[in-house]
Every structure is written in structure tokens, then in C-alpha cells.
Amino acid sequence: MAASAAVRSSMGLTLRLSRVIPDCSTCPMYRLKGCVGSVANFQRRGSFDYFKTINRHLQTSIGLYHSEEGNSNAEDPEDVVNVVYVDRSGKRIPVKAKVGDNVLYLAHKHDIGLEGACEASLACSTCQVYVSEAHFNKLPEPEEREDDMLDMAPMLQENSRLGCQIILTPELEGIELTMPKVTRNFYVDGHVPKPH
């Protein structure tokens, strides 16, 4: 069972720079303080034996949310989380999801009109949802950036959260997410961005 919000894998990479840097410690001119460091001086010698290559090790991590992998059709009953979206017209839309799914991407996958204009980069509040009272306290506290975006959201309520920041866990079984009647974004009214 996936208990974490996202599957993170760390990837190490050793980068060998193609640029050659002179190894001045082996140069006789270095000891005499006569080295000017120009490439022309080294090219006259005709040999690059006194040069060294720099190796740099880089470390990075890649975050993959289950819904970004394109599989939210839960097969293991322990991984199933039932979610109910309530759209702007009041229509209830039940969805079966997996533990680890992101609420915004899940809505996009099922053609539910949860906007997400900034594509989950925490730069807007268009994926604002009202979380059911029974589940609101089961969510982790919002980060400061999420709170800043919620401050700009129209029709803000005590149970407002950004859908892009809600990752489903087994404790959220039966969560109900209601979309506010209006959103505010930088597009022309009525425009809905298409998810990539």
C-alpha cells in the first residue's frame, strides 16, 4: 500500500566536463609565477599531457504522483479511495481512485471541471475545493505557499484547500470535494486550460 504522498526516487549522475582545465601544479611556469594561463602558451608545447578533466557529481530527485503515471484504476481493494466531486451545478460525481492520487490530476483524468490554471505549481487558486467536514482535519496542514494562494481565492471558506495539494490516503476514504461557484484566473472568462 502506498503510504507516502509521492513516490520519490533519487538519481545520481556524474558529469564529466568536456572542457579541459590546465593542471597548473605540474607546470614549471607555475612555480616561477610566470604562467599567464593563455591557451596559446599550452598549444605551443604540443601536448595536453599536463591537463586534467574535472568530474562533478550531481544529485537530483524525481517526483512521480500516481495519477501522473496515468493509472488511477485501483485494483487492490486496500488501495481504493472513493472520492465524490460536487461540481458547480451541484451534480455529484463519484470516482474510484488510488492511494497517492492527486485530487487535481484525478479530476482532469475524469473530465471534471476543476480548473488548475497553473498546472499544480502553486501560482493560482483555480483548483480551490471545499473539503467535507469529516475529512478536513485528516489533511496535513497547508504550507505557507498554499495559504498565500488561498488568500487570493474568491469565496474562501474555512474548509477551502487547493486540489493540487491534496494527495489521497486511506484515511480520506469517502472524501467529498465541492467546487466553488466561481474561480479567478488570468485567462479570459470562460476559458478552461487543457491539461498536458
Using each residue's phi in segment 124-131, evaluate 6.51 cos²θ - 1.76 cosθ + 1.60 at θ = phi - 60° and report the 3J(HN,Hα) Karplus result to the nearest Hz, with x for Gly and Pro. 8, 10, 6, 9, 4, 9, 9, 8
Full extension from E143 to I93: what is 0.36 nm times the residue separation minus their Cα-Cα distance, to one decimal in nm? 15.2 nm
Extension gain L156-E171, at 0.36 nm per residue separation less the Cα-Cα distance, in nm? 2.9 nm
Rank these by accessible area, largest first, 1.4 Å probe: R88, R184. R184, R88
In terms of the alpha carbon gyration tensor, root eigenvalues a ≥ b ≥ c, rounded if a/c is under 1.5 and otherwise prolate when a/b exceeds b/c or oblate, segment 96-165 is oblate
Assign unit charges at the C-beta atoms only (+1 for Lys and Arg, -1 for Asp and Glu), then state the dipole size of segment 105-182 relative to its Cα centre in Debye, rounded to the nearest 20. 260
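The values are calculated or read from the model by the stated rules, or taken from the named source; none is laboratory data. What you are looking at is a predicted structure, and each value in this text was computed from that prediction instead of being measured. FYI the Cβ positions are ideal-geometry reconstructions off the backbone, even for glycines, and counts take in every protein chain you see. Calculation scope for accessible area: heavy atoms of the full protein, side chains included, ligands and nucleic acids excluded. Shrake-Rupley method; radii C 1.70, N 1.55, O 1.52, S 1.80 Å.
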